[in-house]
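Report on the structure given below.
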Amino acid sequence: MNHPPHDTASGEPSGQYLTFALGDEVFATDIRTVREIIQHGAMTSVPLMPHFVRGVINLRGAVVPVIDLHARFGRAPARIGKKSCIVIFDALRDGERVELGLLVDSVSAVIEIAAASIEPPPQFGATVRRDFICGMGKVGPRFVIILAPDKAFDVDEMAQLCASAQDAVAA
């Protein structure tokens, strides 16, 4: 059984999170779900995919779909910049591990957030779907949006959206 690490100062459970930027907002995801971070590079676009599937990359012989988080969160597609990168993330589909690439504007740092510093998601006013948010981590004077990877990067939901996009074209 995995137990969260403890904040040695207070004895409270804490977790480590990879922080990254989308525009002016800072998001975080549990570091245990992150495999690696790679530079943005050549991508192969795939026809009939939803707008948030930017394409696929070849990662050591494996085909890895790349999700544009700006578009996944209902925004205009990401503009590629000098700091744009792809976070390789482990997702589950039908009990199997699946690698996904998450296109982000930049990666910030790995930080530790004590459980006591994590507030529940806001009831309204969030810039992403509420079910995508696990909590709001207080880091200094700011909040970091902690994503719920099982919802924000739900492979089954994204696969259904892909199937819908293909069905709409075929109709």
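No other residue among Val107, Val63, Val98 is within 12 Å of the chain's Cα centre (by Cα) and surrounded by fewer than 19 Cβ atoms within 10 Å (Cβ to Cβ) apart from Val107.
Filter region 79-94 down to the residues that are surrounded by 15 or more Cβ atoms within 10 Å (Cβ to Cβ) and at pLDDT below 95 and list them by number. Result: Phe89, Ala91, Leu92. Checked against (1) out of contact with any Asp or Glu (no Cβ under 9 Å at 6 or more places or on another chain); (2) under 20 Å from Lys138 (Cα atoms), Ala115 meets all criteria but (1). For region 13-23, the criterion of being free of Cβ contacts under 8 Å to residues at least 40 places away in the same chain and more than 11 Å from Val87 (Cβ to Cβ) is met by none of the residues. When region 30-60 is limited to residues that are among the polar types (S, T, N, Q) and loosely packed, with under 13 Cβ neighbours inside 10 Å, the one that is nearest to Glu99 (Cα to Cα) turns out to be Asn58.
Does Phe20 satisfy the criteria of being at pLDDT 95 or above and either surrounded by fewer than 19 Cβ atoms within 10 Å (Cβ to Cβ) or in a strand (DSSP E or B) (or both)?
yes
One line per residue, one yes/no per condition, for (1) farther than 14 Å from Glu25 by Cβ; (2) touching a strand residue (DSSP E or B) at 6+ places or on another chain (Cβ under 6 Å); (3) not basic (Lys, Arg):
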{"site": "Leu102", "(1), (2), (3)": "yes, yes, yes"}
{"site": "Ile118", "(1), (2), (3)": "yes, yes, yes"}
{"site": "Val128", "(1), (2), (3)": "no, no, yes"}
{"site": "Phe143", "(1), (2), (3)": "no, yes, yes"}
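Can you tell me which residues in region 124-138 are surrounded by fewer than 17 Cβ atoms within 10 Å (Cβ to Cβ) and at pLDDT 80 or above?
Of region 124-138, the ones surrounded by fewer than 17 Cβ atoms within 10 Å (Cβ to Cβ) are 124-127, 129-131, 138.
Within region 124-138, Arg129, Arg130, Asp131, Lys138 qualify.
The values are calculated or read from the model by the stated rules, or taken from the named source; none is laboratory data. Quick caveat, the model's predicted, so the values are computed rather than measured. Because the Cβ atoms are built from the backbone with ideal geometry, glycine has one as well, and the counts that use them run over all protein chains shown.
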